[in-house]
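Presented below is the structure to which this report refers.
The values are calculated or read from the model by the stated rules, or taken from the named source; none is laboratory data. As the structure is a computational prediction, the values presented were derived from the model and not from experiment. Neighbour counts are summed over all protein chains in view; Cβ atoms, including those assigned to glycine, are modelled from backbone coordinates with ideal geometry. Just so you know, the surface numbers come from the protein's heavy atoms only, side chains and all, with ligands and any DNA or RNA stripped out. Shrake-Rupley method; radii C 1.70, N 1.55, O 1.52, S 1.80 Å.
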Amino acid sequence: MTSSAAPTAPSDASVLDLAPVVPVVVLHDAADAVPLARALVAGGLPAIEVTLRTPAALDSIRAVAAEVPGAVIGAGTVISPEHVRDTVAAGARFLVSPGWTDALLEAMKASGVPFLPGVSTTSEVVALLERGVREMKFFPAEAAGGTAYLKALSAPLPQARFCPTGGISLASAPSYLALPNVGCVGGSWMVPGDAVAAKDWDRVARLAAEAAALAG
């Protein structure tokens, strides 16, 4: 399986507009990173978030950045300025955090790549808007109020756009994507652990294609 051409993400691009779904990937073996990324890209999901939850994360980002030109590789679970520095150096082209502080936000702003700071309350959204940030991760989406919460935010805060992540499935994703303030969703259902363990990249590509079709 070879990678196909995919949208690029220059510094002024929106991660929210690359695909309807951003795969949220946890890798325990960096050797799986390249074939997994190729499968996701082949299925139509170029933006891939590798979370910093395992020791293999940085090597995985580095490998995909070097070997899968069709992928727009990003780093997730970014919670410190050091994470920002290390992941961008490894080749991350966007950053995603579960929450934010002023120090983390300044580091992400200075990184030169797009970023999605995490929010789960109205006050956090307003604080980011005050700081000039309009694109955010809504996390944990289902636990924090789901589509009802985001719909309620759209009227008073229409300038904020979100990538909801956390508990979202193929079945629930369309209800999020139908909201005017949602650009894409994050999820892991297209990278099930058993498929990765079995190196069943064809299955990953099929699941990715199902997710990519949500754009229609």
Leaving ligands, DNA and RNA out of it, work out the accessible area of LEU58 with a 1.4 Å probe and give it in Å² to the nearest 10. 60
Net charge contributed by nearby residues that have their C-beta within less than 12 Å of ALA63 (K/R +1, D/E -1): -2
Output for the stretch 93-131: chymotrypsin sites (Phe, Trp or Tyr not before Pro) sitting in coil per DSSP, at most 12 other Cβ within 10 Å, listed by number, reads none
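How much accessible area per residue does the chain have, in Å², with a 1.4 Å probe? Mind showing how you got there, number by number?
Values: 8900 Å² over 216 residues.
That works out to 41 Å² for each residue.
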In the neighborhood of ALA171, defined by Cβ-to-Cβ distances under 14 Å, what is the net charge if each Lys or Arg adds +1 and each Asp or Glu adds -1? -2
Between ASP102 and SER169, take the C-beta separation as r, use R0 = 45 Å, and let me know the FRET efficiency to the nearest 0.05. 0.85
Principal axis box of the stretch 95-171, alpha-carbon based, largest edge first, Å: 36, 26, 16
Can you put ARG53, ARG131 in order of accessible area, largest first, using a 1.4 Å probe? ARG53, ARG131
According to the square roots a ≥ b ≥ c of the eigenvalues of the Cα gyration tensor, what is the shape class of the chain, taking rounded for a/c under 1.5, prolate for a/b larger than b/c otherwise, and oblate for the remainder? oblate
Would you pull out the residues with amide H under 5 Å of MET136's amide H, same chain only if 5 or more places away, H placed 1.01 Å from N? ARG161, PHE162, CYS163
Just grab the label-to-label distance for ASP202 and ALA127, each label 7 Å out from Cα along the Cβ direction, in nm (one decimal). 5.0
Relative contact order of the stretch 117-216, pairs being alpha-carbon contacts under 8 Å that are 6 or more residues apart, as %: 21
Round to the nearest 10 and report in Å² the accessible area of LYS151, as given by a 1.4 Å probe over the protein chains' heavy atoms. 140
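Could you please report the charge total around ALA103, scoring K, R as +1 and D, E as -1 over all other residues with beta-carbon less than 14 angstrom from its beta-carbon? Intermediate results must be reported in sequence, preceding the final value.
Details: positive: ARG85, LYS109, ARG131; negative: GLU82, ASP102, GLU106.
Net charge around ALA103: 0.
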Built amide H within the under 5 Å cut-off of ALA47, gap 5+: VAL72
Listed by chain and number, the residues whose amide H is under 5 Å from that of VAL185, excluding neighbours fewer than 5 places away on the same chain and using placed H, are VAL21, VAL22
